[in-house]
Amino acid sequence: MRNRPFARLGLSMLVVGTFALAGCGGGDEGGDEGAGTDDAAASSLDGASLAVGSKDFAEQIILGQMAIQMLEQAGASVDDNTNIVGSANTRAALESGDIDLYWEYTGTGWITYLGETEPIADPQEQFEAVRDADLEQNGIVWLDPAPLNNTYAFAIRREKAEELGVETLSDVAALVESNPAEATFCIESEFSTRDDGWPGLQEAYGMQVPEDNVALLDTGLIYTETDKGETCNFGEVFATDGRISALDLVVMTDDLSFFPVYQAAVTLKQETLEEYPEIADIMNPVAAELTDEVMQSLNAQVDVDGEDPADVAQAWLQENGFLQ
């Protein structure tokens, strides 16, 4: 939201120092050691005015609420702009200055924003590639990544998986050829056009799925319709979604490793981090504790139990010593 000049060298040194704190996001900061804030940190953003965004699904809104509450505790006045529709709109809001920061995923950054076509299998190497390229090309800083990997996947109800004998996406591709009537899919509209989504997946696995076999649905409906097995047998899901276990869905193994790694990290403009370097100190310890299991549990509280994302975020931050 600000257009102040910045010193590239000074900020680059700050960013490098920040990333050294937590390695690939997990680091050694666990439990009570890495959690909590002292009095100095609690007042470190006094007078700051920041806007936090997120995309429009439970995990993103939970992560956005974590950022809001941590920054407010540090003294900032925070505008809640969570629940923006779609990745493109959320990233555009960051670039335009409508928001100051939001959590993004490394796979999305690499494929969608940086235009790369080949994902990097190693999570740390993928993160470093995204971090360095986005900083150089777009002036966007990535803070330390969380250990979680919210990659795309396809799931099917357990009894149907056993009936069809499918365990991998290669099995699904074979089913498209041998029994196309059973090869029905529910996907999101965004996924239907992404290079790391439906077009790329079909190419990678050699699938030619009839258009009539594909239904475009909102995220929440995909899980319920996959569980019913009427609109589709295979639903596009997120690996950290709590509804997978709650509905007893079986995730197909991505045996060709098509889907990129999707670690979550706070992203913000260079000048924002230069003006408020405390943001990294505040958010990196939180990111370090966010594993797949943690996010599955938090997501389930919202998507399955119907709890409010802000309440879920607050309870977890308090339980782990981040909020006083």
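Miscellaneous remarks
- The fewest-to-most ranking of Met295, Met252 by surrounding Cβ atoms within 10 Å reads Met252, Met295.
- Under-5 Å amide H pairs with Lys269, H placed in peptide plane, nonlocal only: Val141
- Residues Asp305 and Ser257, FRET efficiency given R0 of 41 Å [Cβ-Cβ distance, rounded to 0.05]: 0.80
- Springs join every pair of Cα atoms under 10 Å in this Gaussian network model of the chain, and among Lys160, Lys269, Lys55 the largest mean-square fluctuation is at Lys160.
- Comparing segment 152-251 with the 2.2 N^0.38 Å rule of thumb, its C-alpha radius of gyration ratio is 0.96 (two decimals).
- The chain: most fluctuating residue of Asp281, Asp292, Asp305 per GNM, C-alpha cutoff 10 Å: Asp305
- Dimensions in Å of segment 113-189 - Rg and Dmax from alpha carbons: 18.1, 51
- Going from the residue with the fewest nearby Cβ atoms within 10 Å to the one with the most, Asp241, Asp98, Asp46, Asp255 rank Asp46, Asp255, Asp98, Asp241.
- The simple spin-label model puts a point 7 Å past each Cα toward its Cβ; for Glu211 and Thr117 those points are separated by 2.4 nm.
- Stokes-Einstein diffusion for segment 198-318 at 37 °C, viscosity 0.692 mPa s, with a Kirkwood radius from C-alpha pairs, works out to 189 µm²/s.
- Across segment 41-158, Cα-Cα pairs more than 25 Å apart make up 28 percent of the total.
- Sequence-ordered 3J(HN,Hα) estimates for segment 151-156 from the Karplus curve with 6.51, -1.76 and 1.60 and θ = phi - 60° stand at 7, 5, 7, 10, 10, 9 Hz, glycine and proline given as x.
- By the count of neighbouring beta-carbon atoms within 10 Å, fewest first, Tyr105, Tyr276 end up ordered Tyr276, Tyr105.
- Residue by residue, segment 232-245 carries 3J(HN,Hα) couplings of 7, 8, 10, x, 6, 10, 9, 4, 9, 6, x, 6, 4, 6 Hz when phi is fed to the Karplus relation 6.51 cos²θ - 1.76 cosθ + 1.60 (θ = phi - 60°); x denotes Gly or Pro.
- Reciprocal of mean inverse Cα separation for the chain (Kirkwood radius, Å): 20.3
- Per-pair calculated FRET efficiency, R0 = 35 Å: Thr224 and Thr168 via Cβ, rounded to 0.05: 0.90
- GNM flexibility winner over the chain from Asn149, Asn89, Asn233 (Cα, springs under 10 Å): Asn89
- Under 5 Å between amide hydrogens, built in the peptide plane, is the criterion, and for Ala215 it picks out Phe185, Cys186, Ile187 among residues at least 5 positions away or on other chains.
- The separation of segment 114-158 from segment 190-217, counted between C-alpha centres, amounts to 21 Å.
- Using the Cβ-Cβ distance between Ala246 and Gln318 with R0 set to 25 Å, the FRET efficiency works out to roughly 0.55.
- Residues whose amide H comes within less than 5 Å of that of Ala51, counting only those at least five positions distant or on another chain, are Asp79, Asp100, Leu101 (H built at 1.01 Å from N in the peptide plane).
- Rounded to whole numbers, the Karplus 3J(HN,Hα) couplings from phi for segment 307-322 are 6, 6, x, 5, 5, 5, 4, 4, 4, 5, 4, 5, 4, 9, x, 8 Hz, using 6.51 cos²θ - 1.76 cosθ + 1.60 with θ = phi - 60°, and x at Gly and Pro.
- Each helix, a run of at least 4 DSSP H residues, gives -39500 (n - 2.57); summed and divided by the residues of the chain, these come to -12500 deg cm²/dmol at 222 nm.
- Whole-Å semi-axes of segment 82-136's equivalent ellipsoid (Cα gyration tensor): 22, 11, 10
- Distance between the pseudo-spin-label points of Asp132 and Lys160 (7 Å out from Cα toward the beta carbon): 4.4 nm.
- Pairwise centroid distance, computed over Cα atoms, of segment 44-100 with segment 250-298, Å: 14
- Selected from Tyr152, Ser245, Asn179, residue furthest toward positive end of dipole (segment 152-251; charges at beta carbon): Ser245
- Here the dipole of segment 152-251 is about 160 debye; that uses its Cα centre as origin and unit charges on the Cβ of Lys and Arg (positive) and Asp and Glu (negative).
Each value in this text was obtained by applying a stated rule to the coordinates, not by laboratory testing. Values in this document were obtained by computation on a predicted structure and should not be read as measured data. In this analysis, Cβ positions are derived from the backbone assuming ideal geometry, glycine residues included, and neighbour counts consider all displayed protein chains.
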